[in-house]
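The next block holds one structure in the form of structure tokens; read it before the comments.
The values are calculated or read from the model by the stated rules, or taken from the named source; none is laboratory data. Please read all numbers here as calculations on a predicted model, not as lab measurements. Methodologically, a virtual Cβ is constructed for each residue, glycine included, from the backbone with ideal geometry; neighbour enumeration extends over all protein chains shown. Calculation scope for accessible area: heavy atoms of the full protein, side chains included, ligands and nucleic acids excluded. Shrake-Rupley method; radii C 1.70, N 1.55, O 1.52, S 1.80 Å.
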Amino acid sequence: IASALLASGRAIVGRSFKYHRPRGIWGSGVEEPNALVDVESAGGRAPNARATTVPARDGLTVKSVNASPTALADRNAVLDRLARFLPAAFYYKTFMWPDWHLFEPRIRAMAGLGVVDRNWKPRHVSDQINHHCDVLVVGAGPAGLAAAAGAAAAGHSVVLVDDRTHPGGSLRHRAGEVDGAKGAAWVDATVARLKSSGHLVLSDTTAFGLYDHNLVALNQLHRDGRPDTLWRVRPRRIVLATGAIERPVPFANNDLPGILSADAALSYLRRHGVLVGRQIVVATNNDSAYEPASALAAAGASVTVVDCRREGGVQAKSGIRALAGRAIAAARGRNAVQSVLLD
């Protein structure tokens, strides 16, 4: 859903919880903090779903949460202009007189996010599977695949799970070689070897709980409409290879729509064919941002890299403007970023 929103030019996809500031898509997976939506389909309504994890399908109705009537024209956006007068817990101090209960219903109504379907009833009973293995690997990126392959080579039974539809993690959108093979080819070959050896590889599967006696609960999503499957796995050993999440750079107004992680921009470009902008500034303090910058420039964007390191910019290639020893001080814009101010 997020890639479809970006491709259609939808900058504002939600509003912040308290001040109703405009919010845009920031990430490309479970790390997404802004793009929470209510999704309605023939199977009912799913409130507060991440637009970055729900596949776009015909027949879906997607609505922003915490906005009325729409995220773009939210009537409560005026609260952002009054932010200096609305400190934390101001309503508990202000509306005690004459009676808090006079104001509580309206305040509570404004404080929610998604809308729960009161008539919802489970249509199916989820399948439940009990399983034992020697090693459970959570995360099928390069580290998780290497751990699974190593455990399998040592003679252990392996279960490999990942919440994405296709294993590979960052190797699905970043360049790299493993054992002399291109990243994507190595991923496919490793997964094929694991499956052919009788090991279990579960995609669209989230490990959501670790309980007594090494009981790990997994939720497997089926894209064909079948009910989710609950796996109860008891491994002898657990390997967590869930990867890293890019942290945002702190500067004034860094929550404006149009500001997203560099890795997310690369993921949308190479996984979904979506260019997130035509004039792009990439702020960084390390070398990982230069691959997204080069890819975005090659796709037709005008790209400037702002590298806070004095020696930054050594990886700059044709089509990229690199500014070393500089940092972003603030973003400017009302409903979306229009420009940035540099230190």
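Extension gain, Arg270 to Ser126: 0.36 nm times the residue separation minus the Cα-Cα distance gives 48.4 nm.
Given the -39500 (n - 2.57) contribution per DSSP H run of 4+ residues, what per-residue ellipticity at 222 nm results for the chain, rounded to the nearest 500 deg cm²/dmol? Walk me through the intermediate numbers first.
Details: 8 runs with 73 residues, N = 343.
Roughly -6000 deg cm²/dmol at 222 nm, from the helical runs in the chain.
Rg and Dmax, both from the Cα atoms of the chain and both in Å, are 23.0, 73.
Relative contact order (percent) for the chain, with alpha-carbon contacts under 8 angstrom and 6 or more residues of separation? Could you put the intermediate results ahead of the total?
Working: 660 pairs, mean separation 50.0, N = 343.
Once divided by the residue count of the chain, the mean separation gives 15 percent.
Model label sites at Asn254 and Arg226, defined 7 Å from Cα along the beta-carbon direction, differ in position by 4.4 nm. Taking the chain as a Gaussian network of alpha-carbon nodes connected by springs under 10 Å, the highest mean-square fluctuation of the residues Lys121, Lys63, Lys18 belongs to Lys121. Of all lysines in the structure, the ones whose alpha carbon falls short of 24 Å from that of Lys182, not counting any fewer than 8 places away in one chain, are Lys195, Lys317. Taking packing as the residue-averaged number of other Cβ atoms within 10 angstrom, the listed peptides 104-117, 195-208 run from highest to lowest as 195-208, 104-117. Centre-to-centre, using Cα atoms only, region 170-224 and region 282-343 are separated by 33 Å. Each label was represented as a point 7 Å from its Cα along the Cα-to-Cβ direction; for Tyr91 and Val178 these points are 4.8 nm apart. Take the chain with all the other protein chains still there, run a 1.4 Å probe, and you get 57 Å² of accessible area per residue. Computed from label points 7 Å out along Cα-Cβ, the spacing between Ser68 and Arg237 is 5.5 nm.
In terms of overall dimensions, the C-alpha atoms belonging to region 1-96 reach 47, 26, 25 Å along their principal axes, ordered largest to smallest.
Just checking the listed ones, Arg15, Arg309, Arg118: in the Gaussian network model of the chain with Cα springs under 10 Å, the one fluctuating most is Arg118. Just checking the listed ones, His166, His101, His222: in the Gaussian network model of the chain with Cα springs under 10 Å, the one fluctuating most is His101. Partners of Lys18 within straight-line reach, counting aspartates and glutamates whose Cα lies under 19 Å from its Cα and excluding those fewer than 8 residues away in the same chain: Glu32, Asp38, Asp74, Asp80, Glu104, Asp255.
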